[in-house]
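Structure first, then comments.
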Amino acid sequence: LRALAAAAWRVNPPKYRLVADLLTRLRELEKDAEEREKLSMQVADCHFLAGDYGSAAALYTDLRTSAKNSIIAERALTQAVNAFLATGDIEKTIRWMDEISRSSTLGVVRWEAEWNLIARLQEMNRIPEAFERTQTLLAKAGSLPMDFRARLMWLDASLALTMQEPKEALSKAEYALDFLTKSEGL
């Protein structure tokens, strides 16, 4: 099964659905729990690469809640958000992220997922919502990693400028510069 999956992966273009099917069968035979989780992640990735974002989102979501390996669970979270965003259902993505944010502490991957969500809101020209989301995150500044906080502060200033608020943008940019000069390692 591994050899067949590798062969289906290497053809041009790759046959992602076939690879997913073969890896699913291989996962059913696998005894090691961690190896099954890795195979589950690869199956979800194949669906994502094949453009089947709805199935990928469902698989990533299931894996995020069931995985014992924290690295796989965290990666599944980020990929689930990317898959949800790729479906075009931004409202579902926002609801899901808000629910996840309330239910647990997610570490660094939460911030990556939030960043992707805010970037998508910007792309869709939903600037006020992106701005509101940055404001909400910055209000929780104590829980933000320093580097993400700095990036988010710059994004916040940029969004203020996009919203035709030059004085607010200048104030936010000055605050971000002050934060950077006072923070070691940034």
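The values are calculated or read from the model by the stated rules, or taken from the named source; none is laboratory data. Note that the structure is predicted; figures quoted are calculated from it, not measured. Because the Cβ atoms are built from the backbone with ideal geometry, glycine has one as well, and the counts that use them run over all protein chains shown. Please note that ligands, DNA and RNA were not included when accessible areas were found on the heavy atoms of the full protein model with its side chains. Shrake-Rupley method; radii C 1.70, N 1.55, O 1.52, S 1.80 Å.
List of remarks:
- TRP115 modelled with pLDDT of 85 or more, surrounded by fewer than 20 Cβ atoms within 10 Å (Cβ to Cβ) and more than 30 Å from ASP52 (Cβ to Cβ): no
- Test result for GLU74, surrounded by 19 or more Cβ atoms within 10 Å (Cβ to Cβ) and among the acidic types (Asp, Glu): yes
- For the residues ALA119, ALA44, ALA113, the requirement of being among the hydrophobic types (A, V, I, L, M, F, W, C) and either over 15 Å from the mean Cα position of the chain (by Cα) or under 21 Å from ALA20 (Cα atoms) (or both) singles out ALA44.
- Options ARG17, ARG27, ARG10; residue that is touching a Lys or Arg at 6+ places or on another chain (Cβ under 6 Å) and not hydroxyl-bearing (Ser, Thr, Tyr): ARG27
- Residues satisfying the stated conditions in the stretch 146-186, i.e. modelled with pLDDT under 90, in a helix (DSSP H, G or I) and acidic (Asp, Glu): ASP147
- Taking residues in the stretch 6-22 that are in contact (Cβ under 8 Å) with a residue 24 or more places away in the chain and over 17 Å from LEU39 (Cβ atoms), and partners anywhere that are open to solvent by 40 Å² or more (accessible area, probe 1.4 Å) and in a loop (DSSP other than H, G, I, E, B), not one pair has Cβ atoms closer than 9 Å while being at least 6 places apart or on different chains.
- Boolean, LEU18 is open to solvent by 70 Å² or more (accessible area, probe 1.4 Å) and either among the hydrophobic types (A, V, I, L, M, F, W, C) or touching a Cys at 6+ places or on another chain (Cβ under 6 Å) (or both): yes
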